[in-house]
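See structure below.
Please treat every number below as a calculation from the coordinates, not as lab data. Note that this is a predicted model, so its numbers are computed, not measured. All Cβ positions, even for glycine, are placed from backbone atoms using ideal geometry, and neighbour counts span all protein chains on display.
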Amino acid sequence: MQLIFMGPPGAGKGTQAQLLASLWNIPHISTGDILRASVVAKTALGQKAQSYMDAGDLVPDQLLMDLVQERMNQPDASAGWILDGFPRTVPQAAFFDQLLCDVPGAGPKSGKDCALRAVNLDVPDNVLVTRLLSRGRQDDNEQTIRHRLQVYREQTEPLIEFYRDRQQLVAVDGDRSMAEVTAELQQALSGDQICH
Ligand code: AMP
């Protein structure tokens, strides 16, 4: 099972990704969580990323590529994963494609058995703003939220077409209860295999 969770901030991708990952016993890899932990730990990566995150901007591609490459080489990532918040730009997606060909167990051969799926959770902007304002994270003030949504529409939304073109897209209406969305995701992804 190799899943990418896309969708705008506040679409519920983190919640759904975490839930399904624990159900399927595969790691939930959230680049946002890794970056926030790096900021708290004041690592070199955290220090470079913090100002971008506070402003609601994307952290530069190269930092994310290094981060994901390292994480994908961990042993627990060999049986599949749910990637939450990456890729977020077309260059990241192209890089990731290449990386999957290089990582043992995820090469072109096994790719057929454990096809990558990119899930997009679609939610209207007004619902997203309301949800994010009630979440209260440090980067969740209204100005930053509006900026993050704009960044999403400009830089990340093109990935929907990227994955649709490759017939890897699973589009789900995220403007429903958490349980309804989980049920639809489970059904839509039930044909996929855990890959070894
Ligand atoms: P998230 O928790 O996924 O909303 O991510 C929080 C913040 O981390 C984002 O607003 C970005 O600043 C940064 N971030 C997370 N993932 C990425 C990524 N794939 N590319 C660039 N920046 C990212």
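Where nothing but the Cβ of Lys and Arg (+1) and of Asp and Glu (-1) is charged, how large is the charge dipole of the chain around its Cα centre, in debye to the nearest 20? Kindly include the intermediate steps, with their values, before the conclusion.
Values: 18 positive and 25 negative charges, 50 e Å.
The calculated dipole for the chain is roughly 240 debye.
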Self-check item: the chain, relative contact order [Cα under 8 Å, separation at least 6], %
Solution: 35
Quiz prompt | Packing-based exposure ordering (other Cβ within 10 Å, fewest first) of 95, 5 | solution = 95, 5
Quiz item: Just going by the charge dipole of the chain, with Lys and Arg at +1 and Asp and Glu at -1 on Cβ, which of 65, 187, 152 is farthest out on the positive end?
Solution: 65
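Restricting to DSSP H runs of at least four residues, report the calculated mean residue ellipticity at 222 nm for the chain, -39500 (n - 2.57) per run over all residues, nearest 500 deg cm²/dmol.
Values: 10 runs with 106 residues, N = 196.
Result for the chain, helices only: -16000 deg cm²/dmol.
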Practice problem: Quick one: which residues, 5+ away or cross-chain, put their amide H under 5 Å from the amide H of residue 170? H built at 1.01 Å from N. | Solution: 118, 119, 120
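Might you report the magnitude of the Cβ-based charge dipole of segment 9-93 about its Cα centre, with Lys and Arg at +1 and Asp and Glu at -1, to the nearest 20 debye?
Working: 6 positive and 8 negative charges, 19 e Å.
The calculation lands at about 100 debye.
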Practice problem: Please report the Cα spread of segment 2-189 along all three principal axes, rounded to whole Å, starting with the longest. | Solution: 46, 40, 29
